[in-house]
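Asker: One structure is given below, represented as structure tokens, and several questions about it will come after.
The values are calculated or read from the model by the stated rules, or taken from the named source; none is laboratory data. Computed from a prediction, not measured in an experiment: that's the story for all the values here. Here the Cβ positions follow ideal geometry from the backbone for every residue, glycine too, while neighbour counts run over all protein chains shown. Note: areas computed on protein heavy atoms with side chains; ligands, DNA, RNA excluded. Shrake-Rupley method; radii C 1.70, N 1.55, O 1.52, S 1.80 Å.
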Amino acid sequence: FFPADETGEIILFKENEKLKFLLDDIEDTDEKIIFVCNYHEEINALYEKLIEEYESGAAVVYTGLQSIEQREANLQEFKNGETRFMILNPATGAFGLNLQFCSIMYFYSLPLSPEQFWQLKDRIHRPGQKNNCLYKYLLYRNSIDERLKTILDNKQELVRIFTSKENIKEFLLGS
């Protein structure tokens with residue numbers, strides 16, 4: 001989604017500033033990293049840049065465009081340490097993957113579904129995780145993604161409030 005200034009005017013960049021920031025940010029770690037991207041254009045641009053900056057085989061992609069066999073092979077390469085980076089999209093990677101061997105996840109763009117968002121975060125925050133999980137959100141100020149992150153956080157807070165032990169007890173027993 002495009003960044004905008006305070007007046008709502010879209011800001012266009014000659015270079016992909018988000019991608020540039022991301023590459024600078026990951027430079028100081030040798031940890032495995034998962035990147036979440038909503039759009040195939042983002043996935044392709046990120047993949048090409050990671051291969052260019054690091055080496056062929058440094059990244060794998062996990063999307064619905066690959067066959068099930070190819071996705072499984074890419075997952076095994078990432079899991080076994082043959083590759084350092086995994087790029088996935090929410091529709092394919094939000095459910096059913098156990099990625100607790102990785103503790104860093106970047107949201108290059110955010111899913112529109114709160115359930116996908118929560119499930120994506122749970123891919124690395126699961127039993128067997130030995131490290132603290134780190135989630136980074138690449139958001140432009142005044143962008144749709146910034147607004148979407150606020151909405152996702154607010155919905156999570158509402159769920160927390162309505163599912164708290166005290167509120168459930170009050171609902172069931174009345175007050």
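Asker: Within the range 136-147, can one find any residue that is touching a Cys at 6+ places or on another chain (Cβ under 9 Å) and in contact (Cβ under 8 Å) with a residue 12 or more places away in the chain?
Answerer: no
Asker: Quick test for you: out of ALA73, ALA59, pick the one residue that is of a type in the set (Gly, Ala, Ser) and within 25 Å of PHE21 (Cβ to Cβ).
Answerer: ALA59
Asker: Quick check on my filter: what residues within the range 62-71 are in a loop (DSSP other than H, G, I, E, B) and surrounded by 15 or more Cβ atoms within 10 Å (Cβ to Cβ)?
Answerer: Residues satisfying the conditions are THR63, GLN66.
Asker: Identify all residues within the range 44-79 that are closer than 12 Å to THR92 by Cα and basic (Lys, Arg); write none if there are none.
Answerer: ARG71
Asker: Now for a separate question. Looking only at the range 42-61, count how many residues are open to solvent by 80 Å² or more (accessible area, probe 1.4 Å) and charged (D, E, K, R).
Answerer: Total meeting the criteria: 4.
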